[in-house]
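As C-alpha cells, the structure follows; a few thoughts come after it.
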2 protein chains.
Amino acid sequence: MPTTPSTTARSKRAGSQLTPDAIIEASLRIAARGSQDAFTVRRLGEELGADPTAIYRHFRDKDELLLSVADRTLGEVLDSIPEGLDWKDRIRALAAGSLEVALKYPVVGSAMASRTTRRPHEFRVVELILGAVMEAGLTGRDAAVHYRMVGDSLLAFVGQQAAYLLFTPDVRAADESSWSREYRLVDPEQFPNITRLSAELPEVTDEQIFHIRVEALISAIETRARTLRET
Amino acid sequence: MPTTPSTTARSKRAGSQLTPDAIIEASLRIAARGSQDAFTVRRLGEELGADPTAIYRHFRDKDELLLSVADRTLGEVLDSIPEGLDWKDRIRALAAGSLEVALKYPVVGSAMASRTTRRPHEFRVVELILGAVMEAGLTGRDAAVHYRMVGDSLLAFVGQQAAYLLFTPDVRAADESSWSREYRLVDPEQFPNITRLSAELPEVTDEQIFHIRVEALISAIETRARTLRET
DNA sequence: ACACTGTTGTCAACGGTGTTGCGCTGCGAC
DNA sequence: GTCGCAGCGCAACACCGTTGACAACAGTGT
C-alpha cells in the first residue's frame with residue numbers, strides 16, 4: 001500500500017520494478033496515442049511489460065491512478081507559464097497551456113472535465129487564478145465566485161475539446177459534416193437564421209471559439225472590477 | 001433495422017410491443033433515477049419487460065439511442081421557453097431550461113456535453129441562439145462565432161454539472177469536503193491567496209457560478225455589438 | 001544461520017458492460 | 001391456406017475493472 005519503500009533509505013533496491021512514477025509515465029505514453037489505443041488496465045500492463053493487475057499494488061484503483069496522472073499534466077501546464085505576466089495574460093497562458101496538454105492526452109483531459117484532483121499541483125492552479133482575479137481588483141466573495149467561473153469554465157471547455165478527440169473517426173466525421181451539409185439543407189421558412197448564416201457557420205474554427213470564450217471570462221472579471229470601483 | 005413499419009400504413013398493428021418511442025421513454029425513466037440505477041442495456045430491457053437485445057431492432061447501437069433520447073429532452077427544454085422574451089432573457093431561459101433537464105436526466109446531460117445530435121430539435125436550438133445574437137446586433141461571422149460560444153459553453157457547463165451528479169457518493173463527498181477542509185490547511189506562505197479566501201471559497205454555490213457564467217456570455221455578446229456600433 | 005514478516009508480481013477468476021448470430025413465432029399479405 | 005419476414009428471446013462473445021490466493025523475495029529479529 002505505501003507508495004515509497006516506507007521507512008529506510010533503501011529506495012534504490014533493484015527488486016521493485018514498478019514504481020508509481022513509472023506507471024504514471026506509461027499511462028501518459030498510452031494517453032498520448034489518443035483514441036488509437038484505449039487506456040485500459042490490460043493495455044497499461046502490456047506497456048509496462050508486467051501483469052496488468054500489478055498496478056493495484058501502487059494505486060487503489062484506476063481512478064486514483066487517473067487523478068495522479070492528471071496532476072502530473074497539471075504540472076506540465078504550470079511550468080509552461082512564464083513569469084512576469086499581468087493577470088490577463090496569466091489567464092490566457094493558463095488557458096492555452098491547459099488546452100495544449102488536454103489535446104496531447106485526450107483521455108486525461110476528458111476524464112477530468114468535472115473532477116477535482118485534490119493533489120499538489122491543483123493548489124498551485126487555484127492560487128494562480130485567485131491571484132489573477134484579485135490583481136484585477138476583486139476581493140472576498142466576488143473573487144471566490146469569479147475564480148470558480150474561470151476554473152470551471154476552463155476545465156469544461158478543455159474537457160469538451162479533449163472528449164471530441166476520443167470519438168471514433170466516423171462519429172467525428174458525421175459531426176463535422178453536419179455543419180457544411182445538413183445545415184445548408186434546412187427549411188428557410190422554419191429556420192431563417194440558420195439559412196442566412198449557412199455559409200459562415202462551417203467556417204468557424206475551434207481556435208476562434210477558444211479565444212472568444214477565454215476573452216469572455218476576462219472581460220467578465222474586468223466589468224465586475226470596474227463596477228466595484230465606480231460605486 | 002427500420003424504425004417504422006417500413007412501407008404501408010399498417011403501423012397500428014398490435015403485434016409490435018416495442019416502439020422507438022416506448023424505448024426512449026423507458027430510457028428517460030431510468031435516466032431520471034440518476035446514479036442510483038445505471039443506464040445499461042440490460043436494465044433497459046428489464047424496464048421494458050423485454051429481452052435487452054430487443055432494443056437493437058429499433059436502434060443501431062446504444063449511442064444512436066442516446067442521441068434520440070437527448071433530442072427528446074431538447075424538446076422539453078424548448079417547450080419550456082415562453083414567447084415574447086428579448087434576446088437576453090431567451091438565452092437565460094435556454095440556459096436555465098437546459099440545466100434543469102440535464103439535472104433531471106444526468107446520464108443524458110453528461111453524455112451530450114461534447115456531442116451533436118443532428119436531430120430535429122437541435123436545429124430549433126441553433127435557430128434560437130442565432131436569433132438572439134442577431135437581435136443583439138451581430139451579423140455574419142461575428143454572429144456565427146458568438147453562437148458557437150454560447151452553444152458550446154452551455155453544453156459544456158450543463159454536462160459538467162450533470163456528470164458531477166453521476167459520481168458515486170464517496171467521490172462527491174471527497175470533492176465537496178476538499179473546499180471546507182483541505183483548502184483551509186494549506187501553507188499560508190506558499191498559497192497566500194487561498195489562505196486569504198479560505199472562508200469564502202466553500203460558500204460559493206452552483207447557482208451563483210451558473211448565473212455568472214451565463215451573464216458572462218451575454219455581456220460578451222453585448223460588448224461585441226457595442227464595439228461594432230461605435231465604429 | 002534461521003525463521004518470520006511484509007511487499008511485489010503473477011495467475012485465474014468474477015461480475016459487469018455493449019453487441020452479435022441463430023432460431024422461433026406470429027402477424028400481414030397474397 | 002400458405003408464405004415471408006419483422007420482431008423477439010436466447011446463448012454467447014469480447015472486453016472492461018477488480019479481487020483473492022499463491023509464489024518469490026528482501027530485510028529484520030533472534
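A few points about this structure:
- Residues in segment B:22-44 that are at pLDDT 95 or above and not aliphatic (A, V, I, L, M): B:E25, B:S27, B:R29, B:F39, B:T40, B:R42, B:R43.
- Each residue in segment B:206-220 was checked for being open to solvent by less than 60 Å² (accessible area, probe 1.4 Å) and more than 9 Å from chain A (Cβ to nearest Cβ), and 3 of them qualify.
- Set A:A50, A:A54, A:A22, A:A31: member being part of a loop (DSSP other than H, G, I, E, B), surrounded by 12 or more Cβ atoms within 10 Å (Cβ to Cβ) and more than 8 Å from DNA strand D (Cβ to nearest atom): A:A50
The rows are residues; the columns are (1) facing chain B (nearest Cβ under 9 Å); (2) touching a Ser or Thr at 6+ places or on another chain (Cβ under 6 Å); (3) surrounded by 18 or more Cβ atoms within 10 Å (Cβ to Cβ).
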| position | (1), (2), (3) |
| --- | --- |
| A:V101 | no, yes, yes |
| A:P106 | no, no, yes |
| A:S114 | yes, no, yes |
| A:R118 | yes, yes, no |
| A:V126 | yes, no, yes |
| A:R141 | yes, no, no |
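- A:A173 under 20 Å from B:F191 (Cα atoms), more than 9 Å from chain B (Cβ to nearest Cβ) and aliphatic (A, V, I, L, M): no
- Selection of segment A:183-195 for residues being within 15 Å of B:M134 (Cβ to Cβ) and buried (at least 16 other Cβ atoms within 10 Å of the Cβ) yields A:F191, A:N193, A:I194, A:T195.
- Lone qualifier among B:L165, B:L154 - being open to solvent by less than 60 Å² (accessible area, probe 1.4 Å) and outside any loop (DSSP other than H, G, I, E, B): B:L154
- Counting residues in segment B:56-68 that are within 14 Å of chain A (Cβ to nearest Cβ) and away from DNA strand C (no atom under 16 Å from the Cβ) gives zero.
- Only one entry of B:F59, B:F39 meets the criterion of being in a loop (DSSP other than H, G, I, E, B) and within 16 Å of DNA strand D (Cβ to nearest atom), and that entry is B:F59.
The values are calculated or read from the model by the stated rules, or taken from the named source; none is laboratory data. Worth saying up front: this structure is predicted, and the values here are computed from it rather than measured. No Cβ is skipped: glycine too gets one built from the backbone with ideal geometry, and neighbour counts run over all protein chains shown. SASA here: full protein model, heavy atoms, side chains in, ligands and nucleic acids out. Shrake-Rupley method; radii C 1.70, N 1.55, O 1.52, S 1.80 Å.
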